[in-house]
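**Student:** Dumping the structure here so I can ask a few things about it.
The values are calculated or read from the model by the stated rules, or taken from the named source; none is laboratory data. Nothing here was measured: the structure is a model prediction, and the numbers come from that model. Please note: Cβ atoms are built from the backbone with ideal geometry, for glycine as well, and neighbour counts cover all protein chains shown.
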């Protein structure tokens, strides 16, 4: 089992920084890819994490970045942009996202309402299409549409280092004992996420490791384990949560049942402290509701 969850450099060009979503370690990956002095950040985490992210960048000698890419338009992947830009105000930063993310980035009211958060509009973003290449001084990063978790999700394939950055499109596996499914609001699409699962398998010869937004880099047997269990875990969690919601729509009840069935040994979400997991269950339930699986 190979799981890289420590901050720092993990291949010739890539770095992992812990974005500490909900101020919990090991819950949000911020990745930076560097080649010949040019750097791109993948996702930002929440705004409160920006200062610590910049501090770690300076420690690692990869400050500032020149480009920032959002894998999709969920709040935890772009809320930190305004504060990060202020902390790197001497650098002109180019922003990238899927062409389908433009509307949510410019008008995040729906995101704010669904997740009970506050994110400000993001403008001047370069739209990306599948197959386009981001060139970091000769390091080619390929854009791949990975729809389903959202209908504006993209992955970035680094063929040189045989690593693929997938955002949230596959699974949120925070460690070997903690995982969460992908059916978040506001535009989860099950047919598309199943296509993405197969698309990731079809690309298998082109990567040796998968970099998840939540959380860390999975290689070797771990990589194949993720590929082998995607559909099973998706359907198991979906069907279980629908059943639990129909039994009792309390988030405390659903979080307790989820913990008991799927992640009893988690060190991130402990049985005695399920506040963070309850919030996740609320969002996942909204995803099932907006997709029509529960009413």
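**Student:** Is there a residue being touching a strand residue (DSSP E or B) at 6+ places or on another chain (Cβ under 8 Å), over 20 Å from residue 113 (Cβ atoms) and in contact (Cβ under 8 Å) with a residue 60 or more places away in the chain anywhere in the range 272-292?
**Tutor:** The answer is no, given that none of the residues of the range 272-292 is touching a strand residue (DSSP E or B) at 6+ places or on another chain (Cβ under 8 Å), over 20 Å from residue 113 (Cβ atoms) and in contact (Cβ under 8 Å) with a residue 60 or more places away in the chain.
**Student:** Tell me the residue from 194, 227 that is out of contact with any strand residue (DSSP E or B) (no Cβ under 7 Å at 6 or more places or on another chain), closer than 24 Å to residue 142 by Cα and without any contact (Cβ under 8 Å) to a residue 40 or more places away in the chain, please.
**Tutor:** Numbers: 194 fails: without any contact (Cβ under 8 Å) to a residue 40 or more places away in the chain.
Step by step, each of 194, 227 is checked, and only 227 is out of contact with any strand residue (DSSP E or B) (no Cβ under 7 Å at 6 or more places or on another chain), closer than 24 Å to residue 142 by Cα and without any contact (Cβ under 8 Å) to a residue 40 or more places away in the chain.
**Student:** Of the conditions (1) assigned to a helix (DSSP H, G or I); (2) surrounded by fewer than 16 Cβ atoms within 10 Å (Cβ to Cβ); (3) modelled with pLDDT under 95, residue 295 satisfies every one except a single condition; which number is it?
**Tutor:** Condition not satisfied by residue 295: (1).
**Student:** Consider residue 48 against the criteria (1) more than 25 Å from residue 193 (Cα to Cα); (2) in contact with a helix residue (DSSP H, G or I) (Cβ under 9 Å, 6 or more places away or on another chain); (3) in a loop (DSSP other than H, G, I, E, B): it satisfies all of them except one. Which criterion is unmet?
**Tutor:** Every condition holds for residue 48 apart from (3).
**Student:** While we're on this one: Among the residues in the range 117-138, are any at negative phi, touching a residue at least 60 places away in the same chain (Cβ under 8 Å) and either in contact with a strand residue (DSSP E or B) (Cβ under 8 Å, 6 or more places away or on another chain) or surrounded by fewer than 17 Cβ atoms within 10 Å (Cβ to Cβ) (or both)?
**Tutor:** yes
**Student:** Take residues that are over 17 Å from the mean Cα position of the chain (by Cα) and closer than 27 Å to residue 39 by Cα and tell me which of the strands (runs of 3 or more DSSP E) falling wholly in the range 136-247 contain 2 or more.
**Tutor:** Output list reads 139-145.
**Student:** Assuming residue 104 fulfils every condition listed in (1) without any contact (Cβ under 8 Å) to a residue 60 or more places away in the chain; (2) within 25 Å of residue 235 (Cα to Cα); (3) buried (at least 22 other Cβ atoms within 10 Å of the Cβ) apart from one, which condition is it?
**Tutor:** Checking residue 104 against (1) without any contact (Cβ under 8 Å) to a residue 60 or more places away in the chain; (2) within 25 Å of residue 235 (Cα to Cα); (3) buried (at least 22 other Cβ atoms within 10 Å of the Cβ), the one that fails is (2).
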